[in-house]
Amino acid sequence: NWPAPLPVAWHTIGPADRVPGILARHIVDALRLRVPDLSADLVVAASRLRGHDGDEVGQAEASAAALAEALEAVLRRSTALVLDDVHEIASVAEVSGFVAALSRQVPTALNLVLVSRDPLPFRTARMVAHGEAAELGAADLAFTVGDTEELVERLIGVPDAGLARAVHVLSGGWPVATRLAVEAVARVPAAGRAAILDTMA
């Protein structure tokens, strides 16, 4: 559990991040939006993390260790860093190695969240076994019927268990689909909601 309020820095990984130094720079930029007092030296250090001839994976891992050490020294409060779309760098060994090394050496004050459509491109079983990491899959994040009932009542204004069950069956509990379905039926009178759900199906 994270303490509240907790600063959350977010970076969505894209094609430009397929170079360790660029990803490192983007990580620091994202953190500085939430932790403005981060040292400017971190930005300079991140910009120097580039691929090198020879052992690129080893260099990337060393760069991650250096970045983790620098963040350990400057982070004064618990902060979350979300790296979204990690699957984008799965095929680039030095960059996935950089993220893997950072996750193994993450500073005490930094809660690292890796979001991916596919399994992570590195092993996490040892970290999970030692309680240093947790893995959440689609089933863990899915809405229950009760969650859907709460969302229906909040967005429509009245409880409707039948509607909630229908939305849950339609969406399979996938949070985004559940939210979109409830928002769609909330715009029409009750008599027309079944037709909207039929169209979505």
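The values are calculated or read from the model by the stated rules, or taken from the named source; none is laboratory data. Since the structure is predicted, the reported quantities are computational estimates derived from the model, not experimental observations. Heads up, the Cβs are rebuilt from the backbone with ideal geometry, glycines too, and the neighbour counts pull from every protein chain shown. SASA here: full protein model, heavy atoms, side chains in, ligands and nucleic acids out. Shrake-Rupley method; radii C 1.70, N 1.55, O 1.52, S 1.80 Å.
Other residues within the sphere of radius under 12 Å centred on the Cβ of Gly137, judged by their own Cβ, net out at -2 (K and R +1, D and E -1).
Computed over protein heavy atoms with a 1.4 Å probe, the accessible surface of the chain works out to 57 Å² per residue.
The Cα atoms of segment 70-140 give a gyration tensor whose axes a ≥ b ≥ c have a/c of 1.5 or more with a/b greater than b/c, which makes the shape prolate. Of the accessible area of the chain, computed with a 1.4 Å probe over protein heavy atoms only, carbon and sulfur atoms account for 54 percent. For segment 63-148, trypsin sites (Lys or Arg not before Pro) meeting the loop criterion (DSSP other than H, G, I, E, B) and having at most 16 other Cβ atoms within 10 Å: Arg76, Arg77, Arg117, Arg123. Projected label points at Val82 and Ala184, each 7 Å from Cα along the beta carbon direction, are separated by 2.4 nanometres. Estimated at 0.36 nm per residue, the fully extended path between Glu153 and Ile196 surpasses their Cα-Cα distance by 13.7 nm.
Against the set [x] 72, 40, 35; [y] 65, 34, 33; [z] 51, 43, 25, the structure's computed Cα extents along the principal axes in Å falls on [y].
Subtracting the Cα-Cα distance of Ser116 and Arg32 from 0.36 nm times their residue separation leaves 27.9 nm of extension gain. For the pair Ala109 and Glu69 in one chain, pulling the backbone fully straight at 0.36 nm per residue adds 13.2 nm over the alpha carbon distance. Only protein heavy atoms count here; under a 1.4 Å probe, Asp160 has an accessible surface of about 60 Å². Along the chain, the exposed loop sites are GluC sites (Glu not before Pro) outside DSSP states H, G, I, E and B with at most 15 other Cβ atoms within 10 Å, and the longest stretch free of them is 1-131.
May I ask you to derive the relative contact order of segment 87-191, considering only C-alpha pairs under 8 Å and at least 6 residues apart, and to give it as an integer percent? Reported as a whole number, the value is 20 percent. The value of relative contact order for the chain, using C-alpha pairs under 8 Å at least six residues apart, is 17 percent.
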